[in-house]
Amino acid sequence: MEFGGDDQWSNMLGGTELIRRKLGKDAFAMTITLLTDSEGKKMGKTAGNAVWLDPNKTSPFDFYQYWRNVGDRDVMKCIRMLTFLPLEQIDEMDKWEGSDINRAKEILAYELTKMVHGEEEAEKAQASARALFGAGDAAEIPTVALTDADFRDGSIDAPGLVFAAGLAQTRSDARRAIEQGGVTFDDEKVTDVRALYTKEQVAAGIVIRRGKKNFKKVTL
């Protein structure tokens, strides 16, 4: 039995034919409805917005944030397709408007994180997300500990901090983000890509934000 997204139907038929020719046995294919956003775009590797179940590829916090940040028009569809909440509760949530949509997103993110990573990680992720937006304990902010190897002559530059925090894929990506005005350190916009930060400054903790919803705290 082959399982796959309904956009893979022809590939799956090719697989069943290969099995028939190689093994002389029947094989079956079953398609699954694709998870798409409100614009019909796939949510996955091909579309460049994949989320992984493996915590080494997508941390529980980033997993939570992924679902917390789905579009307003997508949240209820995701809740229906991906959670085990009672249908009566979902039908009631379908009537929510305004600020309640954000509440629905929190529920979606929490339920999926609990399902994949367990209740403890879901609680941590939710607390961290709330802390980042001023509604919780700042100690819960996801933290990255730098090592001596991250410093050169006792300091590290701004792009290096963004990259070390995991908020950029490369140093060049981090530099562009800074030059475009999309990075803040402790709520102050960073404008100088050559700015250096000492070990003492990092040891005190620096909260780095890229965009509106991507945060990390770097320390030693």
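Things worth noting here:
Yes/no matrix, rows are residues, columns are (1) modelled with pLDDT under 90; (2) surrounded by 14 or more Cβ atoms within 10 Å (Cβ to Cβ); (3) over 12 Å from the mean Cα position of the chain (by Cα):
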{"site": "ASP7", "(1), (2), (3)": "yes, no, yes"}
{"site": "ARG20", "(1), (2), (3)": "no, no, yes"}
{"site": "LEU23", "(1), (2), (3)": "no, no, yes"}
{"site": "MET30", "(1), (2), (3)": "no, no, yes"}
{"site": "THR46", "(1), (2), (3)": "yes, no, yes"}
{"site": "TRP52", "(1), (2), (3)": "yes, yes, no"}
{"site": "SER59", "(1), (2), (3)": "yes, yes, no"}
{"site": "ASP62", "(1), (2), (3)": "yes, yes, no"}
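- Set LEU167, LEU196: member being farther than 14 Å from ILE141 by Cβ and either under 21 Å from the mean Cα position of the chain (by Cα) or at pLDDT 90 or above (or both): LEU196
- Subset tally (residues that are among the hydrophobic types (A, V, I, L, M, F, W, C) and not in a loop (DSSP other than H, G, I, E, B)) for the range 191-211: 6
- Subset of the range 170-190 (residues that are surrounded by fewer than 18 Cβ atoms within 10 Å (Cβ to Cβ), at pLDDT 90 or above, touching a strand residue (DSSP E or B) at 6+ places or on another chain (Cβ under 9 Å) and in a loop (DSSP other than H, G, I, E, B)): GLY181, GLY182
- The helices (runs of 4 or more DSSP H) falling completely within the range 56-157 that include 2 or more residues that are without any contact (Cβ under 8 Å) to a residue 60 or more places away in the chain, over 18 Å from SER38 (Cα atoms) and of a type in the set (A, V, I, L, M) map to 87-93, 100-117, 119-132.
The values are calculated or read from the model by the stated rules, or taken from the named source; none is laboratory data. The shown structure was predicted, so the numbers you read here are calculated from the model rather than taken from an experiment. So basically every Cβ, Gly included, is an ideal-geometry build from the backbone, and we count neighbours across all protein chains shown.
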